[in-house]
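As structure tokens, the structure follows; a few thoughts come after it.
The values are calculated or read from the model by the stated rules, or taken from the named source; none is laboratory data. Remember, it's a predicted structure, so these values are computed and weren't measured experimentally. Don't worry about glycine lacking a Cβ; one is built from the backbone with ideal geometry, like all the others, and counts go over all protein chains shown. Protein only, heavy atoms only, side chains kept; ligands, DNA and RNA dropped before computing areas. Shrake-Rupley method; radii C 1.70, N 1.55, O 1.52, S 1.80 Å.
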Amino acid sequence: MLEIGANDIRLGSSAQDRDEAITLVGRVLAESGFVEPGYVESMHGREKLASTFLGNGIAIPHGLPEARDQVLRTGVVVVQFPDGVPWGDSGMVHLAVGIAAKSDEHIQVLANLTGVLGDPDTAARLAVTRDREEIAAYLNGKQSPEAQPETVRAAGDAITLAAPSPHGLHARPATLLAETAKRFQSEITLSHDGKTANAKSLVSLLRLGAGGGAQLVVAADGPDAEAALKAIADAFAQGLGEGETEQAPQAAAPAPHPPSLSYEGRVIAGVSASPGIAVGPVWHFKRETILVSQFAADPETEKARLDKALASASADLNNLYEEFWKKAGAAKAAIFKAHLELLDDPEMVAEARKRIQAGESAGWAWRETYEERAAMLGGLKDQLLAARAGDLRDVGRRVLRLLAERVEGETALPDHPVIILAEDLAPSDTAKLEPRDVLGLCTAGGGATSHTAIIARSLDLPSVVATGPAVLDLTDGQECIIDGDNGVIVADPTEADRALATTRQRESQAQREEERRTCYQPAITTDGRRVEVAANISAPSEAETAVNGGAEGIGLMRTEFLFLQRDAPPSEDEQVAAYETILKAMNGLPVILRTLDIGGDKDVSYLSLPAEDNPFLGVRGLRLCLQRQDLFRTQLRAIYRASRTGPVRLMFPMVTMPGELAQAKAIAEEIRQEIGADPVPIGIMIEVPAAVVMADQFAREVDFFSIGTNDLTQYVLAMDRLHPVLAPQADGLHPAVLRMVRQTVEAAERSGIWVGACGGIAGDPAGAMMLAGLGVAELSVGIPSIAAIKAKIRGLSMAKLQELSRRALDCRSAAEVRALAGGA
């Protein structure tokens, strides 16, 4: 491992400004034999792109990737400036750590440096020390900054609990713990290994570094201390959400590719984060540059700007959580739940407000605050916890973008599929990717346990991480192989390499390829019963993807996408264009357009919706449409106009009472006659118990039902699917939910109408089996699940499905139902 020697450290230096300091650092790198003398120009060029100032008087000047041929060998030097050097607008620098990177050997030195960053006292001491060995000891990891535990006040109550296994207090359990703690007024702390954390601060909890089984002392002091400790003990007993944790691949150091894969091209080894193999051009993913001023005149105005940005970012994350929850399930969507908790971190917000009060602008104060904490997290020895530094920066940039004076340089992807290259990718970056536009993901940093890796797997994208800086030297358009099965990138592959990659693709995707080859075949059971499989989509661009994936229609088009993230509602013509795009792409296949389903949980500024204690029990869905008939009528006009392009089915969400349906149908008929359009089938979402109980009456008034199992589950079980402890239990395969499904189907059958399902369990093989057996005629699922669900149905008889569903109704829990389905 690379170590800094005493000869690589210069004490007592001085410089007038940043440029002079960088020149001096470059000269030391050259004198130490790490770089050619010309490398210093690249170091100045790098500084012009972005400041290398880290905080606490430390900077890490280094060169641009294109100058790597001037690096003779990897090395790190330290130049001390006891009197300080003004580093542009960033602050004073006392330690400049110069980096020459030809390989990844310097990474551990940087990790050790983040420990110094997190301890202002140590940083200040190293700024003036006359002992080179002291600096070397810290940067070589032979000495660590002394822990600075917070003072633990005498608390009224305390309990000892064990951190969840196997990974300890990482992001998911820490998120749930912080959410639980915030429900109480009492001050709550966790103590471990001489350190104390604020239980309401996610960053503070992560900094504990508590591994699986570690003993944690939980103390509470306040009016509801006893209740708080009981709730936290219950949360620990439930596993803090770890029952849903995806089994992450074992993190491993980058290693040469296996001997069995003898690639002839240049191999860049990394770590496999998501399986699969693809061949194609690479493309560098570049984030925009966010510019903010350092100072501002009015602290109160800046505090208000910060509060508004935090609220807007929180609303965006809520929307992203909901959409990804529908696409990939609660466990994977929990990534964004953790991001929400980071935004609501009381210590981080308080620190930013303190800096604003001292004269900094909101953007500057926020960036300094989150970057400082990200550096602390990145220095933790536990890889799983250190990986959360990237998540914190992702959240921080989301808010910073809203505080920016100017945003420059956002790069769009080309119009053909590519392998994306990046230093690192944030979860929100990967969540927005369309799999059809991306062949794979490759990052220089990151790890197999990162949240980005989890999302890549859920989107079925091959991914290789931790390849080191060499991968950033590849040029846009250069052909490569990404081998996610073995964790390598192959640059400039030969014909033999391409053939090998093709063989590996066939071997690793045999089952999926079989499903895809038969995705257009109808889902007909072995005894001749057909179940339609349609797609859930949220944008017109997804319609063609749905058809190509084997969808037999659109079972749910979430029209909310047109109304979100804008300052005014969409016009009638804009909506018509969007709906017609979908209908044309479906080419005669039916499309169910659900009217606007927005409530107080979504941030839509022009609606001026009042805050509600529980927006899921407030004005949302059809209730909102009937209150805001201006929006409702405009949308209905657009839907009926678009119906001339293809077969439209109109569906109303969150219907609770027959009177609501009657009013909505009357308005729809009035609009239809005004437009002069033909009648279209009208259906409703079955999402609340009241609709199930009244299903026999509703069935006489509509043409179809569509069961929204996500909302129905949380209403039937009285479990908020966002609840920190209960969310893992909110399983749509609970027998109570399945009995509601059966009651709905029976009511529909008596009136001769059909029933579909468009919630999460429809795309779950076990759920699809139970729903089909209960008589659900259409399963509307996420596009990636279509082929697999159709194949599952084709492999079983309806008699078998009906038998399984009857037995499921007599089960006692969702776990029993899943076990029953697993044995089929």
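Okay, here's what the table says:
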| read-out | value |
| --- | --- |
| Peptides 772-778, 460-466, 297-303, 488-494 ordered by average Cβ neighbours within 10 Å, highest first | 460-466, 772-778, 488-494, 297-303 |
| Karplus (6.51, -1.76, 1.60) ³J(HN,Hα), θ = phi - 60°, over the stretch 578-589, in Hz, Gly and Pro reported as x | 5, 5, 5, 4, 5, 5, 5, 5, 6, 6, x, 7 |
| Linear extension gain, residue 297 paired with residue 11, 0.36 nm per residue minus alpha-carbon span | 99.1 nm |
| Radius 12 Å from Cβ of residue 707, net charge of other residues (Lys, Arg +1; Asp, Glu -1) | -2 |
| Derived scalar couplings ³J(HN,Hα) [the stretch 198-205; Karplus, 6.51 cos²θ - 1.76 cosθ + 1.60; whole Hz; x for Gly, Pro] | 6, 5, 8, 10, 4, 4, 4, 5 |
| Percent carbon-and-sulfur accessible area, the stretch 629-774, ignoring ligands, DNA and RNA, probe 1.4 Å | 50 percent |
| Accessible surface, per residue, of the stretch 269-320 when the full set of protein chains is kept, probe 1.4 Å, Å² | 41 Å² |
| Surface accessible to a 1.4 Å probe, residue 351 within the full protein complex, Å² | 50 Å² |
| Percent carbon-and-sulfur accessible area, the stretch 782-824, ignoring ligands, DNA and RNA, probe 1.4 Å | 49 percent |
| Per residue solvent-accessible surface (Å²) - the stretch 623-686, probe of 1.4 Å | 38 Å² |
| Solvent-accessible area per residue for the stretch 178-226 (1.4 angstrom probe, square angstrom) | 37 Å² |
| Trypsin sites (Lys or Arg not before Pro) within the stretch 724-792, DSSP loop, no more than 10 other Cβ atoms inside 10 Å | none |
| Distance from the stretch 1-76 to the stretch 521-596 (C-alpha centre basis), Å | 55 Å |
| Stokes-Einstein D in µm²/s, Kirkwood radius over Cα pairs - the stretch 469-602 at 37 °C with 0.692 mPa s viscosity | 174 µm²/s |
| Radius of gyration and Dmax over the Cα atoms of the stretch 26-77, both given in Å | 10.9, 32 |
| Modelled FRET efficiency - R0 45 Å, residue 630 with residue 720, Cβ distances, 0.05 increments | 0.90 |
| Restraint check, 303/337; 308/354; 182/303; 182/337; 303/354, Cα-Cα greater than 20 Å | 303/337; 182/303 |
| Sequence-distant residues sharing a close amide H with residue 487 (under 5 Å, placed H) | 272 |
| For the stretch 738-824, with +1 on Lys and Arg beta carbons and -1 on Asp and Glu, the positive-most of 752, 823, 801 along the dipole | 823 |
| Vicinal HN-Hα couplings computed from phi for the stretch 343-348 (Karplus, 6.51 cos²θ - 1.76 cosθ + 1.60; Hz; Gly/Pro x) | 5, 9, 6, x, 5, 5 |
| 5 angstrom amide H check on residue 34, placed H, neighbours 5+ away | none |
| Cα centroid separation, the stretch 630-687 to the stretch 753-789 (Å) | 25 Å |
| Stokes-Einstein D in µm²/s, Kirkwood radius over Cα pairs - the stretch 609-709 at 37 °C with 0.692 mPa s viscosity | 230 µm²/s |
